Each structure stands twice: as C-alpha cells, then as structure tokens.
Amino acid sequence: MIKTDTLIIGAGPVGLFCVHQLGIIGLKCEVVDNLDKIGGQCIELYPDKPIYDIPAVPECTGEELTNNLIEQIKAFKTNFHLNERVEEIKKVENKWITKTNKGTEFESSSIIIAAGVGSFEPRKFSTKEIEKFEGKQILYSIRDKTVFKDKIVTIFGGGDSALDWAIELSNTSKVILVHRRDEFRGMQASIDKANQLKEEGKIEIYTKYQLDSVQGKEKIESINIKHDDKSIKEIKTDYVLGFFGLIMQLGPISEWGLNLDKKTIPVNTENFETNKEGIFAIGDICSYPGKLKLILSGFHEGALAARGCFKYAKPDEKYRFEFTTSSKAVKNRLGVEE
Amino acid sequence: MPKITYIEFSGKSQTIVVANGLSVMEGAVQNDIPGIDADCGGGMACATCHVYVKEEWFDKLPKKEDGEEDMLDMAYEPKKNSRLSCQLIVSDELDGLIVSTPSKQG
C-alpha cells in the first residue's frame, strides 16, 4: 500500500501541472496513467503538432510541452505508475483506497481525476463473433512473440505497428497482412521492406479487404475477409492481430458513484471537487458552466484543486497563499537557490 | 444558412441549420446530435467523428487530406463513403448534405 497525500489519475499536461501545484504547497502525490508514457493526448495523439495557445509560449509541440512540464516538476521526484489503469476506489474512514489493474494500492486523503476523455485502449474489430476469441487468438498487442512460432498469423492494419510486426513475425511464422486500402501509412522503409518480403513470398498482402467473419467453435479455424467489391476470401489462420491504434474510453470511472454528464464529471468552480468529498476532477474530463477544453483552463483548475486537497491532507493546518517569487518555503520545495 | 441532415444509426434523422464556417462535427456537437464523439475536438487525431456521407454527396465534397485517410484506417467500420466530420467545413455548397453515423465510434 502506497501512502500519499493525493493520487492523480492521468499524466497528461493538466495532471503534470497539478503535480507542481501540489508540490509547491507541500503536498505529496503519485500519478497513475494507462499509457506507457507520460504526456497523455499531447504525446499519444499529437506529439508533433504545434500548439499556439499556451500562455507565454507562442508555439510548442505536444512533445515539447510535455517535456517542459516534466522539467518543471523534477524537484518533486514524483512516482509515475505507467501502464496501469485505476479500477476501484473506495472510502475507508477518511481515506481513499485506490486499486489499479496491476494490483497496486494507494491510500490518499484526496484524488484528482485528470483523465481527459478516459483511458487509451486498443481499438477493436467490429465483427460480432470475435469477443470469445479476444485475448486468446485475437490480440491487439503482443506480449510474447514466441507463441506465434510456426503458426499462421493474420495481421490487420496499415500503420507502423502492423507493418513492423508483419516484418518481424515473418521470420518465424506465416504472415498474412490485410489492410482496408492500397496505401500504407507507415515509415517508407517499413513499407518497402514489407513489399520486398511479399515479392520473396515471405508474407502475403491483401489490400482493400476488411475482416468480415470468424469461423471456429473453441478455436478460430478460419476467417473471411471482404473486398471493397464485396467479394469474400477465406483465410486459414491460427492468430488474428489488429493494429488500429488507440481510442479513449471512460472505463471504470463511470462506476465510482460520481455524477456524470455525458462523458464528463460535473464539478464546482471553487475548487473543482466532484459530488464525492475529496475527489476532484480537472481538465477535459470536468464540466461546469462555461467550461473550455483548453490546456490553459486545465492548469487553472489544477491550481485550485491542489488547494482544495490541502484541507484533507493537513486538516489541522491552515493553508497560506504564497508566491513562488518570494516564499522561502516554496523555493525550498522547488530546490532553487535563494 | 445551410441545412445538414444527420441520420443516427437507429434511423432517427435530424436536420439542423449549421452556420457557414463550422464543421459538420461542430454542428452535431453543438446541437447534441448523438453518435459523433469527437474526442480530440477536431484535430484530426482520433477518428471518433466518423460519418458516412450520402452517396450523391460524396464526390461533391472537398477531397480528403492524407491525414484524414490515415485516421479513417482507425475508424470503426470505415466504408468507401467514410469521412471525418471535423474536416467537412459547412458552406452554401454543402446545403442539404446528408450524413449518417456508424453504430458506434469505437
């Protein structure tokens, strides 16, 4: 059980700046995020796209913004629990106990949800009968590539993940690559390599095809793929891999007893607390009259929510407002010289 | 001002006046039309504003940029007439446009 003052759910820009705001008022926090890296949408969806509305930063990319925020909170030596999704929260006396899908447990006096539109999950096939095979023969990520040795593997997708795995697995498996159109969107070198392997007869490539149906009772025996012209082709296969990128899902947050308005959590605008005492929501996931889904609004929300957490972490102390320019205590916490 | 018709997967249809310059996605979101999630807010980064454009309209629309076709690879059940509604900017030429939403966005 990890004990801390505040647990932050979401390591996007708003969660990161909230670490700073908690840190300068002397509160400790831990951060959980379902992605494998820090930065949230900024890093997953648009690392290279310029952003023009961060105050005093005329232009920066999602990646630069993330790196600067990480730099800004370095002094607080915050623990990030990546690749973990918060599953359950419950209140025990005056503390919140939080558990992730990996079994990590936290005890904190407050929780700040900075989860954007929810957690990133792999996009799945839309075919109905796939569910019973998911996680067994139908996979969206690869943990152990040795299971595919000497098997037939059908890979769907047109990006780098699909191409890279098609190339990699062609060394040990029979690989069939299926994509919905003729153009692949991966790196040119990977596209060239895949085409070369096709010429050498090491992988089969079918374009303008999508998954149509899956046959098999306990195990998949074959799949049907459908061409744009509606013709069907049957493929015998042992495994089916889908690489369609990630989508955001609200996920377990909807089961925590929080008020929800569509996919957002209503909060007050004094400290961004939800209907549950000690649980705050900031950034894209919160809603209130006039809410703007801007990073800069999320920074403001985080600053106020951090102050809201203070009374739960230190019920016997009175919070005192201080400036970073003048407060010795704040400068100590930031590790900067007087 | 141009009228855009949104047909939900259930078949329910709503015709809405959308101001020139807004995207077809924004028209839906601002009028609480279900079925268009637009998680990324119009940045062509998520494919959750995916719609099917009525056949006769498809060729009249501005062509897709490369980025849009790449994102459509990720969309739920993409078809030949798929577009990202955030990339369809409403103008007088689009008056009468009909789009339908997929069964879900992911």
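Table for the structure above
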{"quantity": "Residue in region A:155-177 that is of a type in the set (Asp, Glu) and in contact (Cβ under 8 Å) with a residue 40 or more places away in the chain present", "calculated": "no"}
{"quantity": "Residue list for region A:103-132, filter: at pLDDT below 95 and more than 14 Å from every other protein chain (Cβ to nearest Cβ)", "calculated": "A:GLU129, A:GLU131, A:LYS132"}
{"quantity": "Which numbered condition A:ALA115 misses (of (1) farther than 27 Å from B:LEU72 by Cα; (2) not assigned by TED's automatic domain parsing to the domain that holds A:GLU204)", "calculated": "(1)"}
{"quantity": "Those residues of region B:41-68 which are crowded, with 22+ Cβ neighbours inside 10 Å and either within 22 Å of A:MET248 (Cα to Cα) or among the charged types (D, E, K, R) (or both), in sequence order", "calculated": "B:CYS46, B:ALA47, B:THR48, B:CYS49, B:HIS50, B:VAL51"}
{"quantity": "Residue list for region B:54-83, restricted to those being more than 11 Å from chain A (Cβ to nearest Cβ) and at positive phi", "calculated": "none"}
{"quantity": "Hey, A:GLU168 under 29 Å from the mean Cα position of the chain (by Cα), within 19 Å of B:ASP66 (Cβ to Cβ) and surrounded by fewer than 20 Cβ atoms within 10 Å (Cβ to Cβ) or not", "calculated": "no"}
{"quantity": "Residue that is nearest to the other protein chains (Cβ to nearest Cβ), among those in region A:171-180 that are part of a strand (DSSP E or B) and crowded, with 20+ Cβ neighbours inside 10 Å", "calculated": "A:HIS179"}
{"quantity": "Residues of region A:255-290 classified as within 14 Å of another protein chain (Cβ to nearest Cβ), surrounded by fewer than 20 Cβ atoms within 10 Å (Cβ to Cβ) and at pLDDT 95 or above, total", "calculated": "1"}
{"quantity": "Members of region B:1-21 found to be of a type in the set (A, V, I, L, M) and surrounded by fewer than 19 Cβ atoms within 10 Å (Cβ to Cβ), listed by number", "calculated": "B:MET1, B:ILE16, B:VAL17, B:ALA19"}
{"quantity": "Matching residues in region A:239-254 - criterion: being more than 14 Å from chain B (Cβ to nearest Cβ) and either charged (D, E, K, R) or touching a Lys or Arg at 6+ places or on another chain (Cβ under 8 Å) (or both)", "calculated": "A:TYR239, A:PRO252"}
{"quantity": "Residue ranges of helices (runs of 4 or more DSSP H) in region A:1-95 with at least 3 members buried (at least 22 other Cβ atoms within 10 Å of the Cβ) and more than 15 Å from the chain's Cα centre (by Cα)", "calculated": "A:13-24"}
{"quantity": "Filter result for the condition that a residue is in contact with a strand residue (DSSP E or B) (Cβ under 9 Å, 6 or more places away or on another chain) and assigned to a helix (DSSP H, G or I), over A:GLU204, A:GLU129, A:GLU183", "calculated": "A:GLU129"}
{"quantity": "Selected residue [within 29 Å of the chain's Cα centre (by Cα), away from chain B (no Cβ under 13 Å) and of a type in the set (Asp, Glu)] from A:ASP144, A:ASP160", "calculated": "A:ASP144"}
{"quantity": "Failed criterion for B:ASP70 (all others in (1) assigned to a helix (DSSP H, G or I); (2) touching a helix residue (DSSP H, G or I) at 6+ places or on another chain (Cβ under 9 Å); (3) acidic (Asp, Glu) hold)", "calculated": "(2)"}
{"quantity": "Filter result for B:ASP32 (part of a loop (DSSP other than H, G, I, E, B), within 14 Å of chain A (Cβ to nearest Cβ), over 13 Å from the mean Cα position of the chain (by Cα) and over 30 Å from A:VAL178 (Cβ atoms))", "calculated": "yes"}
{"quantity": "Meets criteria (on the phi > 0 side of the Ramachandran plot, away from chain B (no Cβ under 13 Å) and in contact with a Ser or Thr (Cβ under 8 Å, 6 or more places away or on another chain)) for A:GLY216", "calculated": "yes"}
{"quantity": "So B:CYS86, is it at negative phi, of a type outside the set (Phe, Trp, Tyr) and at pLDDT 90 or above", "calculated": "yes"}
{"quantity": "Residue list for region A:181-207, filter: within 14 Å of chain B (Cβ to nearest Cβ), within 14 Å of A:ILE155 (Cα to Cα) and either at pLDDT 95 or above or loosely packed, with under 15 Cβ neighbours inside 10 Å (or both)", "calculated": "A:THR207"}
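Residues are listed down the side, and each one gets a yes or a no for (1) touching a residue at least 12 places away in the same chain (Cβ under 8 Å); (2) of a type in the set (A, V, I, L, M, F, W, C); (3) in contact with a Gly (Cβ under 9 Å, 6 or more places away or on another chain):
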residue	(1), (2), (3)
A:LYS77	no, no, no
A:ASN83	yes, no, no
A:GLU93	no, no, no
A:TRP96	yes, yes, yes
A:GLU105	yes, no, no
A:SER109	yes, no, yes
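The values are calculated or read from the model by the stated rules, or taken from the named source; none is laboratory data. Just so it is clear, the model here is predicted, and its values are computed rather than measured. Counting neighbours? That spans all protein chains shown, and the Cβs are built from the backbone with ideal geometry, glycine included.
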